[in-house]
Structures are given as C-alpha cells and as structure tokens.
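K.L.:
Quick one: the structure is below, and I'll ask about it shortly.
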Amino acid sequence: MSEESNNPFDNQQRIAQAHQKLKDWRNNPNRNRNSEQETEPDQDRQSQDYEDIQLELADLSQSKQQNPELNNSARGRTSLRTKIIVDEQYKQFYGGEEDPRNQTIIENKKIDLGMGAFQGVYLPCVQNILSVVLFLRINLIVGEAGIFQAFAILFFSTTTTFFTVLSMNAIATNGKIRTGGVYYLISRSLGPATGGSIGILYYLASTFASAMSILGAIEAIHVVSGFSLFSFAFSMRFFSFLLLAILVVTVLFGVKMVSRLGVILIALVFVSILSMIIGLFASKARSEELQSLVPGLTGLDGQNFRDNWSSHYQANSFYTLHAIFFNACTGILQGANSSSNLRDPINAIPKATLAAHLSTLGLYIILFLLYGSVGTRSALTDLKVIISAEIAWPHRWIVYIGIILSSAGAALQQIQNAPNIINSIADDDMLPKVFNFLKGHTRKPLGFTVTLIAISICFGSIDEVAPLVTIFYLLCYGGVNIACFLLDYLGSPNWRPKWKYYHKATAFTGVVFCVASMVVISWWASLASIVGALLIYAYLDKKSQEKNWGDGVEGIRSERARNALLKIDKNKKHVKNWRPHYLALGYINEKGKITSPGIFKLLHQLRKGTGLAIYGCVIKGDYNAESYNEARKKEIEIDAFMKRNKYNVFSKVIVSQNIENGMVYLIQSSGLGGLEPNTILLAWPNQWEDDELKCNRFVNLINHAHTFGHLLTILKPQKEFDSDEKHQGTIDIWSFNFEKGMLLLFVQILIKNSHWKRCTVRLFIMTSLNENESDTMKRVAREYLDRYRLLQENIYIEVVHVSIQMIEQFTQNLNLTLEQKNKLYQKAIQEGNKEFQYGTLPSLMKLKALQEKERKAAVDNQIKKANLTQDHDQDQDEKTLNARQINQIILQKSKDASLVITNLPPVLKGQSAQEYMSFCSLMTENLKRVLLIQNSSQEVLTHYN
C-alpha cells in the first residue's frame, strides 16, 4: 500500500468518494430495471460497477485495520458496516429479498449501534418478560391457584413460549430479518396476507401491553403513596397519561437514548429482584416485623407450603390467572425486532433469546416456591399492599422503584418498537389508503401508536387489559409456529436455518398450546380475535396479489396442486366429470404483436365452464438465448395483461423455427398429468386468400386437432370478439344433422357470462329429410335438450329443409361418424357402462333413426355422384354454390344475430386448403360473429346425475 493511502485524512477522503460512488450506483435509474428485461451486457456492466466499489471499500477496510488513527475516526468505524450494506443492496438487486426501507440505512450509515447479543437481545427480552406482573400478581396467583396449579399455569405459559422460541430461532436464522419484527418474519414465510393480519394483531398487542405496563407503574405509585386525585379511577388515568408523555419524550431522543436508558433500568430492576429474593430467604428471621405489616406473612414455613399446595379461588379462576401470568412470559420477540441494530443477528438472536427465556423461567420457579412458603393464603391474596415490597430487604422502596422502572422500561421498549411494525406494514402498502400517513420514516406512526395506548389506558386496570393482550400475543406466537411447521414440512430447498434445535413436531406442539391457551383463557374473546384476524386476512389477501416475497404459501399451493394432479388419472375420465379445458393458439408476428387478441376475451367469457384455460403463443426464431429471452418477455407481458383484466388464464410462449410445428408442440405438450386441454381455440386468419402457406398451416392445425381427439372452436372474425359489449340480441345455433355435444354445451357455458346472458338462444336444424319429418325432429330435439338439461328456457327451435346436395360437405363423412359412435355404444354396452346405453331411451332411438335416414340419403348421393364424370373445377364450382346457398339461408334467419354458432365443415379428401377455407368463408359471409365448432368422437354429455 502506498504512503498516501496510510494518511488518515486521505483515506477519509477516499471513503467519502467510495460512498458517493455507491450512492450514485444505487440511484442509477437503469439499475432498477427488471433483471428479465435487461440484456447481458447491461448486467455485466452493473456487476462490474458494484465489484469496483466493493473492492475499493474492502481495501479501505484493510487500511483501517492497519492504521489505528483511521480506526478511531468516525468514517473508519463505518466503512465495514457500509460494505455489509452494499452486499445487502447487491443481493437485493440480484434477486434477494427486497425491502426498499433498507435504502435509508445508507444515508444514515454513520449510525452504527452494532450491539452484541447481551445488550441487543438478552436485556430487551428480559426487560419485557420481567413485567409488572412479577411484582404485583405472582403472590395472588400462588395464593388463589395454589402451588400445584400455579406451576400448571407456569408450565402452559412457558411451554408455549419455549416452542415459539425454537420456531422463531429457526426462521430468524434462515435469512436476514429486517424492520417489522414478527410482521416481517411471518409475511415472508406465510405470505403478506397472513403476515399482515398477524402483524396488525401483534401491533395491537404491543400497544395494549404498553398501556398495561404504564397502568402497573401508576398502580404501584398509588399503593406506595396513597395519594389520589379525586377518585382512584380518575387518578389512575391522569397519572398514566403523564407517564406516557414522559416515555414518548424519551423515545423522541432516539434509539441510542432508549438503548442506554434501557440498560440502566434493567440493572435497577435486577437489584429490585435481588432485594426481593434476599428478603424472602430472610423472612423467617423477620417474621414478627412482617406480620405487623401484613397479617399472615409468617416467613418461610413448611406448613404454609402444605396449606398453599391446593387451590382456593376467590375473585379469579385458573383461566383468568393464566391470562394474567402469560404476560409475564411474553417479550421473546424483542431480539428479532432489534435485528437491524445487531452486529451478528443470526448468532445473537437464537442464543440470547433462549437464554432470556430459560433464565426467567428459573426465576419464576424460585419465586413460586418461595411465595408458596412465605405466608398464609389470606396474606398472599391481599392486594391492598404490595407483598413483594413488604418482604424486600433492606427496604421496601427498592422494590417500589423496581416496579415503576420495570413497568416503565417495558412500556418504553414497546413504544419504541410498535411504531416500526405499523410503519413496515404501511410501507408494504398493506393498509387502506386512509392510513397512508403511516408510510415513511416520520413521527406519525409514533403519534398513532401513542393515541392507541391512550385509548387503552382508559380501561383503568391491568386485570381488564391483560386477557386481551394475552389473546393477541397467542395469535402471533401461533403464527410463528405455523410458519416454522409449514416451512419444515414442505422441505423447500431455501429452508436452511442455522438453528438446528427445532422440529416440525415442536412447532406443531407450539400451535396446539397456543390454541389451547386461547380457548382456556376466553373462548369468546379468542373466537372474536380469530374472526377479526380472518376479516383482516380477507382484506389483505386482495391487496397483496402483486406481492412476490417467496412465501411458504406458494409452497403449500404447489404441494396441493402436485397431489391433486397425481390423483387425476387421465385414463379413467368419466363423462360426468368432463369439462372443457381450453388451449387458445396464437403467434407473434414480425412486428412483435399478438395476432389474436379477441381470443383473450372469449377465453375469459368461457371460464364459467370452470376448466383450465391456456393461451399458447409461438415466436418464430432460432433456439438461442435471444429468442428465449424474447419469449419470456412476451409471456410476462401476457401475464400482466391477464392480471390487469382479471382473466384467469395461464400463458405459455415457446420458440420454434416453424409456426405450425410450434403450435403442434403446444397441442401435444400443454397441460400436466390428467389436467390437459381438450378444446382448441383458433382465430380465423386475416388476409389468407393469397397466402398459400397461411392456408396450409391453418387447415393442418384443424386436422391435427381432430387427429389428437380435441374439440375445435374457430373465431371468425376474431376482432369482433375483442369487445366488452353486453350483447342483447340472439345466439343462433345452426346444426347440421343435429350434431349433439359441444355445439350445445358451448352455448350453455357462454350464456352464463354477463356479456351473453341477456341473449335469446335459437336452434336451427338444417336437414335433408322430408318436411313431414319436421315436427318429429322438433319434438326429438326438445326431448333431447330436456333430457340433458340444456338451454331449457323456452328455446326457439326451427327445422330448415334443404337438398342433400347442398350440405354434402357435411354429410360425406357422416357415414364414418355414425359408425364410430355405434362402435362406442356397442363397446359401452358390453362393458356394462349404462351411461353410454343411449339406445334404451325412446327419444334418442328416434334421433338415431332420423340420422340413419339422412346417412342413407348421403350414401345414395355419393354413389350417384361417383357414376357421373365430373372434373375438379366443376366439383369445386358446385361446392362454392352450395356454400353460397347455405350462407343465404343463414342470413335470412340470422343476419342480425349477435353470434352464430355452427358446425365446422370437415376437410374432404382431395380438397385443397384454399378451397376448404374458401368454402367456410363463403358459408359465413356477412355474419357479424361466428364460432365454427368441430366435435370430437368423445361424448361430453350424460343424462345421469
């Protein structure tokens, strides 16, 4: 290292320059772009910028260690911490956990608390655990519950918090905990809705606990001094407000002041506890003095122990005493709340929190035994005096001061941390807009918290506030245990806590204890709290749809989805469970635009079929990184469009060197397991007349769909479906040979949507049968619709008679279609599948007979035509004429229809793609909206329940 670098003033200047580089790097607008949208050179450049800054800071850190003068400088002390902050910023930018509030740390980088485990975790935890209950209510608990049941209360309370400590330690060592404490802990584990609801309850618990601590301190002052303004209730509230104001002023001095004052307060509390314990052990020697102060306070005596072993409840019960004492076990999350101020939070939080829990547990065991032996039951339950103070040695004022300071210290910690929780929730945009004033690092969260504490003080008694605080704390602890249980149960690869002394069984046991304690304390208050939490959850769940924190809920959903898919056997599908699963096909044109936006709207409108919906899209390109990045970018755009419009549709964008091959790949590979698409949606192509490639691709896709056994629906023209219009006209179904199945079911699904439900449905059956069969065909059709519960609300049915030559495009394959279905029916009968035994139904027997007549007429027409010598051009002219005639008939009835749904003509042997598309186009010419549907051989309807 050069001589210049050893100069402390030069080094300070270099550090300032490095910090400025860091600030410029962080404020660079290009750095905030989504990583998926960045090119590799951009990422390389930003990565190199970061590495340059990091290396310079590392070099300066080494210089600091070698130069004592620099090590003592203010800038030198913060360089290493700034390097850690840069690491966090880099991790945040490249896919780590995101928390924009951490950016303010860099501006405040000179604040370097760097507390260790003792000062930063152990003391705050102990200060909150050793609450006013320790001094004012332990004698009451032992006196009324008896020693045995007092230990039962201790067991239930400390076991609940012990398992919660194990779960919290595991979660806390699985990643950095940022501002927000329990809220951050749970929201990043179980999702923003769960974390937000429990975080709000924990915030309320903290505010109520602050009120309880303040009320306890004032109660002690009143008992000591005997002074009261007007009534006791008024005096309690007045002086509580005064103490609250003093604590708020202390908090306004900042974190350092609270931390330093907290050490002094807890030290004095330890002195008070030591004075009380010494007094208990020396009580036998002071028996006469103590009995003159409190009758029955005999000092340690085995007879007292035996008399106080059993319970004798007076004004309280086991449940109310449990609610009161549980507040003397809370405070275990204070270390997690202070993680941002710790040098090594991952190692400090687990050890110090567990140490705080075990040391206070040992203290409670000693006090329960001593109090059970020191006096009679009447003496222990006398609340007119503070027993702990009267027993204390050398003077009662030591305990008086300890009571006041322990209460004030606990309240101070809560007032310090509670605003951070509500501020974190507000910064994550989880609260209604009316609470937007809580965002940002202002004094408003503190003012809001103080207001709630003041309202809580109006209760006027710690016994009235304690059960409510206990319920809220138990809900929060239950949430921590559930989070640990689910994370361990799901076995996510990212679940790697450094704390190993936990198990999903301990977490689950913690949940059971939390729920049991809530029910024991107050079932109605617990029920009300759970209902409140669920209402908060329901609200936050809607607000948190855009949050992506990698929470455990996603793991739960994935596990449930996997198990459900494994249970669906695609080889054992039943017609009763059939539902349309859609695959809409599109592609990105040369201008980078999606070719069929109308399909999106139709997919959404068909979602009442409750099936799977996928929009598959093909990008033409080579198989390289550039094409894959473009596909990913388009998929993100499509997903954003779906979310913006609240469409429940999945997207899949692939790269293929050939559009047709890519679409065939989508048809074959879309879906998973038994949840695969069975209905293909295609948009009629634009400007197809002079594009032979486009025609061949489209007709080949029709053939592929039929080959794979999929139903096929074609939109024509697709732009007419790209509308939010509420239709009020008619939906006309034009059925050739009364083809049943998806044609009718499609309309049944469509009219459930608000865009189509006002439309009147009409059914036109185009047939070559004689007119004397018209009434029979109508009756059979209506019986069929009634049998299958389709379109039953006064549907209009009309039979249109045409020549067999006009509809020969539809009838040439009719013979094969009916033969295939007959084979299915015969096979079903042989296998005893009654759902397929349609021949036993009279109406369907008649329908079969009518279709058989038309089949024979079609066969006769084909034989007659085969005997005629007719070239290809003449045959094509005849098909063109037939298409025009069909179109004229449809226009007479359905020119003003909002939607026409008809059969897609089969592709005939020897018919070119352009000839086929010309026939379809002429047949549907001048119609506003058309859906052409091609059935598969699969049955989709059953008349059985």
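The values are calculated or read from the model by the stated rules, or taken from the named source; none is laboratory data. As the structure is a computational prediction, the values presented were derived from the model and not from experiment. Glycine gets a Cβ as well: all are built from the backbone with ideal geometry, and neighbour counts include every protein chain shown. Accessible surface areas use protein heavy atoms only, side chains included; no ligands, DNA or RNA. Shrake-Rupley method; radii C 1.70, N 1.55, O 1.52, S 1.80 Å.
K.L.:
Does the stretch 117-546 come out rounded, prolate or oblate, given a ≥ b ≥ c as the square roots of the eigenvalues of its C-alpha gyration tensor, rounded meaning a/c under 1.5 and, failing that, prolate meaning a/b above b/c?
P.N.:
prolate
K.L.:
Another question about this same structure. Once neighbouring chains are kept in place and the probe is 1.4 Å, which whole percent of the accessible area of the stretch 576-712 is contributed by carbon and sulfur?
P.N.:
Heavy-atom surface of the stretch 576-712 belonging to carbon and sulfur, 1.4 Å probe: 46 percent.
K.L.:
Please give the peptides 343-350, 264-271, 208-215 ranked by average Cβ packing (other Cβ atoms within 10 Å per residue), highest first, as a rough proxy for protection.
P.N.:
Answer by packing, highest mean first, reads 208-215, 343-350, 264-271.
K.L.:
Also, quick follow-up: Whole-Hz Karplus ³J(HN,Hα) for the stretch 917-932, in order, using 6.51 cos²θ - 1.76 cosθ + 1.60 and θ = phi - 60°, x for Gly and Pro?
P.N.:
Once rounded to whole Hz, the list reads 5, 5, 4, 4, 5, 5, 5, 10, 5, 6, 9, 5, 9, 9, 10, 9.
K.L.:
Further question: Considering Cα pairs under 8 angstrom that are at least six residues apart, work out the relative contact order of the stretch 335-481 and quote it in whole percent.
P.N.:
Worked out over the stretch 335-481, it gives 11 percent.
K.L.:
Here is a further query. Can you give the relative contact order of the stretch 654-793 as a percent, counting alpha carbon pairs under 8 Å and 6+ residues apart?
P.N.:
19
K.L.:
Now, a different point. What pairs from LYS543/LYS652; LYS601/LYS752; LYS543/LYS601 go past 19 Å between their alpha carbons?
P.N.:
LYS543/LYS652; LYS543/LYS601
K.L.:
Mind ordering 216-224, 644-652 by average Cβ neighbours within 10 Å, highest first?
P.N.:
For the peptides 216-224, 644-652, the packing ranking is 216-224, 644-652.
K.L.:
Continuing with the same structure: What do you get when you divide the Cα radius of gyration of the stretch 129-272 by 2.2 N^0.38 Å, with N the number of residues?
P.N.:
Relative to the 2.2 N^0.38 Å estimate, the stretch 129-272 comes out at 1.29.
K.L.:
Shifting gears a bit: Quick one, can you get me the convex hull of the C-alpha atoms of the stretch 319-467 expressed as volume per residue in Å³?
P.N.:
Measuring per residue, one finds 170 Å³ for the Cα hull of the stretch 319-467.
K.L.:
Continuing with the same structure: For the stretch 391-491, just the Cα set please: Rg and Dmax, both in angstrom.
P.N.:
Gyration radius and largest Cα-Cα distance of the stretch 391-491: 18.4, 57 Å.
K.L.:
How much FRET efficiency would the formula 1/(1 + (r/R0)^6) give for LEU891 and ARG644, where r is the Cβ-Cβ distance and R0 is 41 Å, rounded to 0.05?
P.N.:
The pair LEU891/ARG644 has a calculated efficiency of 0.60.
K.L.:
Rank-order 297-306, 429-438 by packing density, defined as the average count of other C-beta atoms within 10 Å over each peptide's residues, highest first.
P.N.:
My ranking of the peptides, most packed first, is 297-306, 429-438.
K.L.:
Something else about it: By what distance, in whole Å, do the Cα atoms of the stretch 576-712 stretch along each of the three principal axes, largest value first?
P.N.:
In descending order, the Cα extents are 42, 33, 28 Å.
K.L.:
Further, regarding this structure: Apply the Karplus curve 6.51 cos²θ - 1.76 cosθ + 1.60, θ = phi - 60°, to the phi angles in the stretch 899-914 and return the couplings in whole Hz, x for Gly and Pro.
P.N.:
Running phi through 6.51 cos²θ - 1.76 cosθ + 1.60 with θ = phi - 60° gives 7, 10, 10, 9, 6, 7, x, x, 7, 7, 5, x, 8, 6, 5, 5 Hz.
K.L.:
Taking a probe of 1.4 Å, how large is the accessible area per residue of the stretch 117-546, in Å²?
P.N.:
38
K.L.:
Moving on to the next point. Is there a pair in LYS542/LYS643; LYS620/LYS646; LYS778/LYS893 whose C-alpha atoms are over 19 Å apart, and which pairs would that be?
P.N.:
LYS620/LYS646
K.L.:
Further question: Between LEU931 and residues 5 or more places away or on another chain, which pairs have amide H atoms under 5 Å apart, with H built 1.01 Å from N, and which residues are they?
P.N.:
Amide H neighbours of LEU931, under 5 Å, 5+ apart: VAL900, ILE901, THR902.
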